[in-house]
Ligand SMILES: Nc1ncnc2c1ncn2[C@@H]1O[C@H](COP(=O)(O)OP(=O)(O)OP(=O)(O)O)[C@@H](O)[C@H]1O
Ligand SMILES: Nc1ccn([C@H]2C[C@H](O)[C@@H](COP(=O)(O)O)O2)c(=O)n1
């Protein structure tokens, strides 16, 4: 026979555990915005700060595009159904590796986890970001059959987001409900219209193009620093790296396609918080979002001074 105290303690433990289980995916943060506005770097840092899972929805469209290129499907009229079938039967996985160090000078000291994208077990993280994929992805993403297939993958990945959460939660993250941060173009409008926090991240077209250009040049520098005996170390010819103007044109073309497509176009959700980060530091934009999330979870904001 259990004592009354033991029974009360057990009941409290059960209630606490149930609350923790129920609240694992209680909080969803949707981050939408145009290309290169900082969505994925911000979403990853926010996820790590809050100990949430992270899903890069654009990478799923990129996987579909890679499949299309590999199968030579470029006509979305005829190929749509077979590509939708291919992607819906493929296993897309997004693995987050927690980071403790800053990645680039522009990001300061904030940790931005690395993300690995697996397509049927193959690491395609680099292959889905090639110029060929960049050129085709907006066309693939405008197809309604593909969007429907990707929607199911997105919701499934979110459902087991807990296994994706960054393992090194910040000091007080254990007191928080679980959650997921997903970035894309239609997360707050279509995928999770009930998300607890919706952010529309924007920046001027020139700031976005310069940041992308900087990013490419940093990668070029890293490649150049590899030892000369490494056969993979040869620096790609300069012509491979586009100018800021070319990058700006590519971003503009992609934004135009994303905003003007019929299915689930890029829109600002009516209840979204719009953050223009043209003149913000990376830390300012990340902490603005984590503090908004903390407030909505009933917790004290931590960075009201930055
Ligand atoms: N406030 C900021 N100041 C300076 N650089 C920033 C800032 N925010 C993000 N960046 C940088 O801008 C670049 C683009 O960011 P990111 O890749 O996160 O954009 P994105 O919106 O996810 O892009 P895409 O839609 O093409 O996937 C990255 O190099 C990132 O480090
Ligand atoms: N929820 C989403 C996410 C992405 N897309 C499209 C739009 C982009 O052109 C493409 C690649 O996205 P990125 O990796 O650059 O974020 O995928 C979309 O339509 N909906």
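Spin-label pair residue 152-residue 271: with each label point 7 Å from Cα along the Cα-Cβ axis, the two points sit 2.8 nm from one another.
Per-peptide packing, taken as the mean over residues of other Cβ atoms within 10 Å, places 192-200, 286-294, 62-70 in the sequence 62-70, 286-294, 192-200 from highest down. For the pair residue 216 and residue 284, a Förster radius of 30 Å applied to the C-beta separation gives a FRET efficiency near 0.80, rounded to the nearest 0.05. Rounded to the nearest 0.05, the FRET efficiency derived from the C-beta distance between residue 69 and residue 245 at R0 = 25 Å is 0.45.
Residue order for 123, 202, fewest other beta carbons within 10 angstrom first, comes to 123, 202.
Compared with the direct C-alpha span, the chain from residue 95 to residue 262 gains 57.0 nm at full extension, assuming 0.36 nm per residue.
All of the numbers you see were taken from the coordinates with simple rules; none came from a lab. Every value quoted in this text rests on a predicted model; they were computed, and no experiment measured them. As a convention, Cβ positions derive from the backbone with ideal geometry for all residues, glycine included, and neighbour counts pool all protein chains shown.
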